[in-house]
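A quick write-up on the structure given underneath.
Any read-out appearing in this document is the output of simple, stated calculations on the displayed coordinates, not a laboratory observation. Because the structure is a prediction, the values reported are computed rather than measured. Here the Cβ positions follow ideal geometry from the backbone for every residue, glycine too, while neighbour counts run over all protein chains shown.
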Amino acid sequence: MKTLIIYYSYSGHTRKIAETIASSESADIAEIKDVKRPGKFKAYTAGCFAAIRGKAWNIEPLNADFAEYDRLILLSPVWASSMTPAMTAFLKQLPEGKTVAVKMVSMSGNSVCKERIETAIKAKGGTLESFEDIKVKV
């Protein structure tokens with residue numbers, strides 16, 4: 001089973017975790033990037049309001065051939081207890097029928113977006129393999 005790790009990282013903390021997981025699982029890795037990277041103030045204010053409401057921001061196309069992968073691992077920081085607007089955008093583009101594991105990264109180790117993410121994955125004919133909140137120290 002070939003795995004692709006897809007992550008969004010604003011500050012770099014989620015990137016480090018994604019790279020560690022990719023190394024341990026011998027998985028490929030791809031980064032979700034904003035079309036226009038928001039400044040810190042916008043990211044943590046407007047970004048949090050967008051995250052709460054499940055709004056998406058424009059992201060660049062991922063350079064990955066999803067047909068090569070049976071399994072995806074998604075990593076997102078937690079903004080206002082939810083996934084980032086960039087990850088919301090990716091979930092709307094999620095390829096059909098994939099097995100997906102989700103890891104949410106935060107200092108609290110708590111998010112409230114499992115149901116929203118699982119609904120998005122099922123809408124694309126996929127399966128949520130697992131959901132994990134990862135607590136990090138900054």
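Miscellaneous remarks
- Lone unmet requirement of (1) surrounded by 19 or more Cβ atoms within 10 Å (Cβ to Cβ); (2) in contact (Cβ under 8 Å) with a residue 40 or more places away in the chain; (3) under 22 Å from Ile134 (Cα atoms) for Arg71: (1)
- Unmet requirement for Lys92, which otherwise passes all of (1) of a type in the set (D, E, K, R); (2) over 24 Å from Gly12 (Cβ atoms); (3) surrounded by 13 or more Cβ atoms within 10 Å (Cβ to Cβ): (3)
- Of Asp70, Asp34, all but one fail to be closer than 17 Å to Tyr10 by Cβ and acidic (Asp, Glu); the exception is Asp34.
- Among (1) loosely packed, with under 14 Cβ neighbours inside 10 Å; (2) in a loop (DSSP other than H, G, I, E, B) - the single one Leu62 does not satisfy: (1)
- Filter result (out of contact with any strand residue (DSSP E or B) (no Cβ under 8 Å at 6 or more places or on another chain), of a type in the set (D, E, K, R) and surrounded by 13 or more Cβ atoms within 10 Å (Cβ to Cβ)) within segment 97-137: Lys124
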